[in-house]
1. What single numbered condition from (1) surrounded by fewer than 22 Cβ atoms within 10 Å (Cβ to Cβ); (2) closer than 23 Å to residue 363 by Cβ; (3) without any contact (Cβ under 8 Å) to a residue 60 or more places away in the chain fails to hold for residue 68?
2. Looking at (1) in contact (Cβ under 8 Å) with a residue 40 or more places away in the chain; (2) surrounded by fewer than 24 Cβ atoms within 10 Å (Cβ to Cβ); (3) under 21 Å from the mean Cα position of the chain (by Cα), find the lone condition where residue 241 falls short.
3. What number goes with the only condition from (1) crowded, with 16+ Cβ neighbours inside 10 Å; (2) modelled with pLDDT of 85 or more that residue 189 does not pass?
4. Say we look at segment 166-190 and pick out the residues that are more than 21 Å from residue 112 (Cβ to Cβ) and either without any contact (Cβ under 8 Å) to a residue 60 or more places away in the chain or in a loop (DSSP other than H, G, I, E, B) (or both); which of these is nearest to the chain's Cα centre (by Cα)?
5. Need the failing condition index for residue 183 against (1) modelled with pLDDT under 85; (2) in contact with a helix residue (DSSP H, G or I) (Cβ under 8 Å, 6 or more places away or on another chain), just the number.
6. Starting from residues that are touching a helix residue (DSSP H, G or I) at 6+ places or on another chain (Cβ under 6 Å) and surrounded by fewer than 24 Cβ atoms within 10 Å (Cβ to Cβ), keep the ones in segment 283-296 and report whichever is farthest from residue 385 (Cα to Cα).
7. Applying the selection to segment 314-345, what residues are surrounded by fewer than 24 Cβ atoms within 10 Å (Cβ to Cβ), over 18 Å from residue 241 (Cα atoms) and either at pLDDT 90 or above or under 17 Å from the mean Cα position of the chain (by Cα) (or both)?
8. Scan segment 302-311 for residues that are assigned to a helix (DSSP H, G or I) and either in contact with a strand residue (DSSP E or B) (Cβ under 8 Å, 6 or more places away or on another chain) or free of Cβ contacts under 8 Å to residues at least 40 places away in the same chain (or both) and jot them down.
C-alpha cells in the first residue's frame, strides 16, 4: 500500500486551475497589453514614428480586439476554457514576435493586429472562469484573486522591459518585445498543464442558482441593464489604457529615465496585485455598483495626479491610486454581470461587455495621441482619461440601480 498522499488530499481541487488562470491573465494583460506602453518610447524612436502614430498603432490592435470578444466567449462555452485560452496566448506571443521584427509601421501594425485578435481568447474566458469554481457569495473575491495575476504581470513588465532596453542600441526595443513574447509562451505552457473547467458537481451551480435555467443567450442582447453595464466597462477601458499606454512617455517627457519609469510602473504592479481582491471584496460585501463607483473615483484621481503633478511624489501617488483600482474592475464587473444573467450565461454576457471594453480600449489611445500631438503635451490626453473615469462612475450609479436583489433581470425566452 502506498503511503504517498494523493494530490487531491493535499491540494484543493480549485487551486491549480485558478493559479493557471491567474498566470494566463498575467501574460495576456500584464505583459501583452501593458508591455506596449513601456516599449513605446524606444520603439517610436527606433522606427521614426510620432506619438500619434504610436497611439494609432495601439488603437489598431485594440480595435481588432472588438471583433473577437463575443466569439471568444462562445468558443470557450463550446470547446472548454483550456484550449481557447492557450490558443489566445500563443497568438499574443506570435504577435509580439512579429512586432519585434518590424522595420516600419506596416509590419508593427500586423503584429499588433495579431496581438489584438488573440487577446480576447486568453482574457474573456478567464473573466468568467473563477466564479464557476466557487459559491456565489465568494465570486468577487475569487475573480479578484485570478485577475491579481495582471498586477504581477505589471510588476514583471516594469522590471523586465527596462533591463532589456538598458543596452541603448538599435535592437533594444526588439529584445524587449521578444522577452515579453517568451513570458507569454511560458504562461501558455502553465495553462496547458493545469487549466481546466470544473465539473458541474464541483460547485453545484444548478442547485444554487435554479434561475440560470431560464433565459436564453439571445436575450442578453435585448437587456438594457446588460448594455448599461457594458457601457460602464467600456469607459473603464478608455481610462485604464490611456494611462497604461502613455505613462512611460509622460515620465520621460518630465526628465525621468526609462529605469525610473520602469520602477514606478513596477510599483503600480505591486499595488495592482491586491487591487483585484480589494475590488472583489467591495463587490461581495457592499455591492458591485458601489465597488465600481469607488474604483472609478480612485482611477480618476490617479489620472489627474499624473497629468498635473510634478516630481516623484506626485507620480508615486498616481501609480498607487491607479494600481489599487486596476484589477478591481473585472472582479466587480464579473460579479455584477453574473448577478444579472446567472452563471450559465455569464461567459456570453461577458463577451458583450468585453466588446464594449475593447471599444473603449481602441478609442482611448487614438484620442489621447491626437490630443498630445496637437497640444505638444500628454497632459490633455491623460485628463481625457480622467473624464472617462468620472463618466464611468456616473454610469455605475445608473447600472447599480438595475441590480435586482434576487433574480436575473433577463426575461424568460419562449423558445
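The values are calculated or read from the model by the stated rules, or taken from the named source; none is laboratory data. Quick caveat, the model's predicted, so the values are computed rather than measured. As a convention, Cβ positions derive from the backbone with ideal geometry for all residues, glycine included, and neighbour counts pool all protein chains shown.
1. The single condition residue 68 does not satisfy is (1).
2. Failed condition: (2).
3. Exception for residue 189: condition (1).
4. 189
5. (1)
6. Taking segment 283-296 as the starting set, the residues that turn out to be touching a helix residue (DSSP H, G or I) at 6+ places or on another chain (Cβ under 6 Å) are 283-284, 288-289, 291-293, 295-296.
Within this subset, residues satisfying the condition of being surrounded by fewer than 24 Cβ atoms within 10 Å (Cβ to Cβ) are 284, 289, 293.
Working: 284: 27, 289: 20, 293: 16 Å.
Result: 284.
7. Answer for segment 314-345, where residues must be surrounded by fewer than 24 Cβ atoms within 10 Å (Cβ to Cβ), over 18 Å from residue 241 (Cα atoms) and either at pLDDT 90 or above or under 17 Å from the mean Cα position of the chain (by Cα) (or both): 314, 316, 317.
8. Filtering segment 302-311 down to residues assigned to a helix (DSSP H, G or I) leaves 302-308.
If the condition is that a residue be assigned to a helix (DSSP H, G or I) and either in contact with a strand residue (DSSP E or B) (Cβ under 8 Å, 6 or more places away or on another chain) or free of Cβ contacts under 8 Å to residues at least 40 places away in the same chain (or both), then 305 is the only one that fits.
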